[in-house]
1. Considering (1) of a type outside the set (A, V, I, L, M, F, W, C); (2) at pLDDT 90 or above; (3) closer than 25 Å to Lys49 by Cα, say which one Thr96 fails and leave the rest.
2. List pairs: first in the stretch 36-51 and touching a residue at least 40 places away in the same chain (Cβ under 8 Å), second β-branched (Val, Ile, Thr) and in a helix (DSSP H, G or I), Cβ under 8 Å, 6+ apart or cross-chain?
3. Go through the stretch 171-188 and count every residue that is in a helix (DSSP H, G or I) and under 19 Å from His250 (Cα atoms).
4. Take Gln230 and decide whether it is modelled with pLDDT of 95 or more, over 19 Å from the mean Cα position of the chain (by Cα) and exposed (fewer than 13 other Cβ atoms within 10 Å of the Cβ).
5. Search the stretch 244-260 for residues that are within 19 Å of Leu213 (Cβ to Cβ) and in the same structural domain as Ser207 (by TED's automatic domain parsing) and pair each with any residue that is in a loop (DSSP other than H, G, I, E, B) and modelled with pLDDT under 95 when their beta-carbon atoms are under 6 Å apart and the residues are at least 6 apart or on different chains.
6. Might you check whether a residue that is free of Cβ contacts under 8 Å to residues at least 60 places away in the same chain, assigned to a loop (DSSP other than H, G, I, E, B), surrounded by 17 or more Cβ atoms within 10 Å (Cβ to Cβ) and within 15 Å of the chain's Cα centre (by Cα) occurs anywhere in the stretch 57-74?
7. Looking at (1) crowded, with 17+ Cβ neighbours inside 10 Å; (2) in contact with a helix residue (DSSP H, G or I) (Cβ under 8 Å, 6 or more places away or on another chain); (3) of a type in the set (Ser, Thr, Tyr), find the lone condition where Tyr243 falls short.
8. Between residues in the stretch 137-157 that are farther than 24 Å from Gln244 by Cα and residues that are aromatic (Phe, Trp, Tyr), which pairs lie under 6 Å by C-beta distance while being six or more apart or on different chains?
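The values are calculated or read from the model by the stated rules, or taken from the named source; none is laboratory data. Model, not experiment: these values are computed from the prediction. Cβ coordinates were reconstructed from backbone atoms using ideal geometry, including for glycine residues, and neighbour counts include every protein chain displayed.
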Amino acid sequence: MTINMKRTVFFISDGTGITAETLGHTLLTQFDKVQFENTIIPYINTVKKAQATVKKINLTAESDGVKPIVFSTLVNPKIRSVIATSKAVILDFFKTFMDSLELELKVAPTPHVGHMHGLVDYNAYMMRIEAVDYTLTHDDGLRSQNYDQADLILIGVSRCGKTPTSLYLALQFGLFVANYPFIEDDMANLKLPDCLKEHRSKLFGLSIDPARLHLIREERRSNSRYASLQQCKLEVQKVEQFYQREKIPHLSSTTRSIEEMASSILATLGLKRRVGE
């Protein structure tokens, strides 16, 4: 059986779509061998809009020759039922948890779009949204000209855990986190890039055991130079020497959870969470 290595993904919401995208992205990052083409469709708050969305999804299914993947955080059951008719794999976050809660609480839910805001501080909620948006748009060295807005910049070799750690810090603590990768071409003369020099106080390095890095990269690009154990050993050695030379605080992600790494980073740099306790 041939596996389609490219899939279209829709994030559908009756709000901004940030929650659907964040939750969906967390799941999709576990599938390195698949290329995802993402589309956010926000504010689907009427049946008419839902029907138009179904048409778009179905056209994509016909064009791709394979079912699109839909992540949904729609609240209204009527609108959810319309989306459910589409030719797609539907991952409905609301229904997944709501049915179990209704069964346990023995009370029927009363759908309210936006009621999530009533359960949390609205300013904190918006801060999280802004932090996640900043982190997603400053992932992997993107938009380095905006590093002055960052609370923290994670650095390290490819696949050492920068992106998931960045998103966790943004979502849980409301921090604006950028991350910058060191690649194979940097290893011959590894030095602090110009775009990072004026932000030294914001830098924190991640490292990883070379054998573990080798296994992770093999999942992404099997039998490549990029994934070879020799290359992984070289890059980790060079980067750790760089951290020592430049006196950049760092830790290994090999045996630590994201929660542990986040706590260590906050404590080491003296950062205060913008939201949450």
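1. Of the numbered conditions (1) of a type outside the set (A, V, I, L, M, F, W, C); (2) at pLDDT 90 or above; (3) closer than 25 Å to Lys49 by Cα, the odd one out for Thr96 is (2).
2. Asn45/Ile79
3. Here is the first cut: in the stretch 171-188, the ones in a helix (DSSP H, G or I) are 171-173, 184-188.
Pick out the ones that are also under 19 Å from His250 (Cα atoms) and you get 186-187.
Total meeting the criteria: 2.
4. Working: modelled with pLDDT of 95 or more: yes; over 19 Å from the mean Cα position of the chain (by Cα): yes; exposed (fewer than 13 other Cβ atoms within 10 Å of the Cβ): yes.
Spelling it out, Gln230 is indeed modelled with pLDDT of 95 or more, over 19 Å from the mean Cα position of the chain (by Cα) and exposed (fewer than 13 other Cβ atoms within 10 Å of the Cβ).
5. Close Cβ pairs (under 6 Å, with a partner that is in a loop (DSSP other than H, G, I, E, B) and modelled with pLDDT under 95) amount to Ser253/Gly161.
6. Of the stretch 57-74, the ones free of Cβ contacts under 8 Å to residues at least 60 places away in the same chain are 57-63, 67.
Subsequent filtering for residues that are assigned to a loop (DSSP other than H, G, I, E, B) retains 67.
Remaining after also requiring surrounded by 17 or more Cβ atoms within 10 Å (Cβ to Cβ): 67.
In the following step, the residues that additionally are within 15 Å of the chain's Cα centre (by Cα) were identified as none.
No - not one qualifying residue is present in the stretch 57-74.
7. Only one criterion is unmet by Tyr243, namely (2).
8. Gln149/Phe176
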